[in-house]
1. Taking beta carbons within 10 Å but only from partner chains, what does the mean come to for residues B:166-178?
2. Averaging over all projection directions, find the projected area of the Cα convex hull of the stretch C:186-277 and quote it in nm² with one decimal place.
3. For labels at residue C:194 and residue C:209 in the simple 7 Å Cα→Cβ model, what's the distance in nm?
4. Cross-link list A:158/B:318; B:3/B:311; B:234/B:334; A:89/B:3: which exceed 32 angstrom alpha carbon to alpha carbon?
5. In whole Å and largest first, what semi-axes does the C-alpha gyration tensor of the stretch B:25-118 yield when each eigenvalue is scaled by 5 and square-rooted?
6. Rounded, prolate or oblate: pick one for chain C, where a ≥ b ≥ c are the square roots of the eigenvalues of its C-alpha gyration tensor, a/c under 1.5 means rounded, and failing that, prolate if a/b is larger than b/c, else oblate.
7. Restricting attention to the stretch A:50-126, which trypsin sites (Lys or Arg not before Pro) occupy a DSSP loop and are surrounded by at most 13 other Cβ atoms within 10 Å?
8. Find how many whole Å separate the alpha carbon centroid of the stretch C:136-167 from the alpha carbon centroid of the stretch B:1-50.
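Nothing in this text is a laboratory measurement; each read-out follows from the coordinates by a stated rule. Quick caveat, the model's predicted, so the values are computed rather than measured. All Cβ positions, even for glycine, are placed from backbone atoms using ideal geometry, and neighbour counts span all protein chains on display.
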Amino acid sequence: MFQVRIHGRGGQGVVSGAELLSVAAFIEGRYAQAFPSFGSERMGAPVMAFCRIDVREIRLREPVMAPDALIIQDPTLLHQVDLFNGLIKTGFILLNSTRSFSELGLEAFVASFRRERLCTLPATEIALKHVGRPVPNVPLLAAFAAITGQIRQESVIKAIREKFPSAIAEKNVAAAAEAFEFARKRSETADA
Amino acid sequence: MLKQTEGSHAVAEAIALCRPQVICAYPITPQTHIVEGVGEMVKDGTLVNCEFINVESEFAAMSVAIGASAAGARTYTATSSQGLLFMAEAVYNAAGLGLPIVMTIGNRAIGAPINIWNDHSDSMSMRDAGWIQLFAVTNQEALDLHIQAFRLAEELSCPVMVCMDGFILTHAYDRVDIPGQADVDAYLPPFQPRQILDPADPVTIGALVGPEAFTEVRYLGHHKQLRALSLIPKLASEFATRFGRDSGGLIREYRTEDAETIVVALGSVIGTVQDVVDELRESGERIGAISICSFRPFPVAVLREALQAAKRVVVLEKCLAVGLGGIVSDGVRKSLSGIQLKGYTVIAGLGGRAITVTSLRQLFRDAIADELEQVTFLDLNAEVVSHELEREAQARRTGPTAEAILRRMGTVASQIG
Amino acid sequence: MIEPGRTMPYSMQEVKFYQTGTFTVGNRLLDETERAVQANMQRTNSLNSGHRACQGCGEALGARYAIDAAMRATNNQIIAVNATGCLEVFSTPYPESSWQIPWIHSLFGNAAAVASGVAAALRVTGHTNTRVVAQGGDGGTTDIGFGCLSGMFERNDDVLYICYDNEAYMNTGVQRSSATPPTARTATTMAVGKEPGNVFGTGKNVPLIAMAHFIPYVATASVANLHDLEFKVTKAMSMHGARYIHIHVPCPLGWGSAPADTIKLARLAVETGLFPLFEAEDGEITGRTKIRRKAPVEDYLKLQKRFSHLFGPKPDDARLARIQANADRNIAKFGLLD
């Protein structure tokens, strides 16, 4: 089983991101469970969503306590929420930011993780460029696919086309493509 | 057809397949997505021959359902928590009148303190109203149970509530198999009411009944639930034959054949329990689990048979009989009448607190070692509790309890579990 | 003229003395079109005899007239929904029922919602000619049933709601409702203390509230004018959507009046201006019944023991004047006098 925890703020598509990921896994014939952690339904409040992927039926119903991958949609949460709680040592971190881990003051923290499993990317900027809205979930998902190899890029694209109406879908597909390339190049050069 | 979709949406599709004729509901978290889903289908024409009524309260919702059902329409509504309480009078009324209304409960805690997260206190508050209560473990079972519910309700002329954990199931994306219309039509024939308001054949429904006949009327309601004990498995079996999977029934046993310790629970937590059971089995423990699907009627006989060879039973419940302990435990105890085994009640998951593998693992180990209290509150923060008790002992005007505790716990947003 | 000794066919009756010139409600010598429903041998008797209402019960009278009129207007295609209350209790003492029509009693506060449900079921099952009437007393309508009533109005559900207003919770022992008039004695507004009986400055006018929902038809009626009552019910049944009729029905037991005075009291309530008779459509008043012979409020009040504390050796002139002022305000507001 592969477990993902997504952190962000209300309005950033955290929950939709988890759902999209689950649809992508489903498209590949696997079982997936995506669910939110609900706080107040207010724009801007910290929210979490979870996604589990497995080849067999998933029975577990607790929040993801020991994620294999973390997706952080909003860097302003870094000093507000204990984002990295439970992340396994061989875990993946995808962080939405124009800055690197060291520029964000996390150099020491990420030193103990596997370099090629970490990635910061300007997901909001990519989203704004292609979709016109600062919702970073799709680019982050594409980067997730690239870095972890848990889902294929085609599945992400199929999931996008299933979930969004066609005009928006294609814009998101473009955003995903750019993000996927960005992340792939990153992991190749193993550069933080 | 296989789909990856939100639990609420899967249930909405199942409802639509049952050809409901009147749907009425009032919004309350976490059932809203179900009703929104059906409402959209009515509005865009996907679901035809169905009246969708936006009512002004949950009390109105059940009342509209009563009128519609009495006038011969297949009727559906949904609610949770406070909403179920607000319609309580009408809930009893529907059962007393024998109207086959189907209602989804998106299980949520009842306030005060106000809480939008999952536990079973809402359904439990109506356990003796005369409704049949079925609990779903997965979203697949949730959608399947609605199809069985209409059939069950109409055959018995008894209302049925299908209970599914709020947020945990309602808002979770899962893989589900949505049946085809033809199969559902074959399983669920058109509604044939036992009683109907019809000018061509007038009847009086809802007359005053005095001491001379009230007991008999109540007894017949009781008898109906006892009949349901055989009808529920029969309909579940028919469902399995037609749709190819096990859903519903009275109880479901997991690795109980030679189990010394058996965990009993309702709803989605069984999934987590099964994972821990597997783990403990790996290390040689003889442990199993039983999920109760039909809570009303309570499956006394089959539970007795399933538990009688065990040494101990741990009832894990998401509800609390305040001042007493367990609610489900009471039913389990009744089933074990005359049988000697150790029984433990564990109150867990109240107000949406996560029930984790870590906590269950330790809990079951303690149970196996018979080192559990009679009644345990899982993951209770003893420090916070004793601090509050101390505070209250020192002064009179100590302010609202909930607020004091929250202040002590610090910001909630920074916490994960 | 019938010859003595000759047997009469059922359709003919021995003619007793009727003044053909009156609109007495039982008058069968009137033209068909002017004859009351109750004067018709073919009336449905929807609320049949044998019910347990008190002698002189205004509600039993009003309900009988209203439902039979609704039946005639719809070719006998009515389903009735009844709130808990006197009417429900006295008409259905288990194991008997005096209803000749399909009838359901659910709860105290939900008659309007249950009726909405019945109407929805009839629509969806294709029974478009079957119509729905909801009934309740003032308690079940203006207080506990208010939420559901407003919901039914707001949705414009196809229901005629009839409120039988005897100005208190009679069935439970005469407790005050929001329809109880000022100064009236009830079990929860006793005639003691500084302000005996119900106080001024409370209460609600549901017909006006109904009008504020802009529903197709709102009317007030009284058992003092049964032709008018039948006319209004008939008119209401010619329309679709949410409709409301508020009928004033004296209660001899609760009001402390003589059973034989029920119609007289109802008439005095109208003639004093305390109970205005009017109709409204889509939120605007479209008609009113003018007062023929204005009566002072005392004439009405002194026939009821629930107001007896206003009279006696030291009459409460101040409060009587306030009641009179209320009556006069109604007369002005609704244009009840020329």
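1. Mean partner shielding for this stretch: 5.
2. 7.5 nm²
3. 2.8 nm
4. The answer is A:158/B:318; B:3/B:311; A:89/B:3.
5. That gives 22, 18, 9 Å for the three semi-axes.
6. Oblate.
7. A:56, A:89, A:99, A:114
8. So the separation of the two Cα centres works out to 30 Å.
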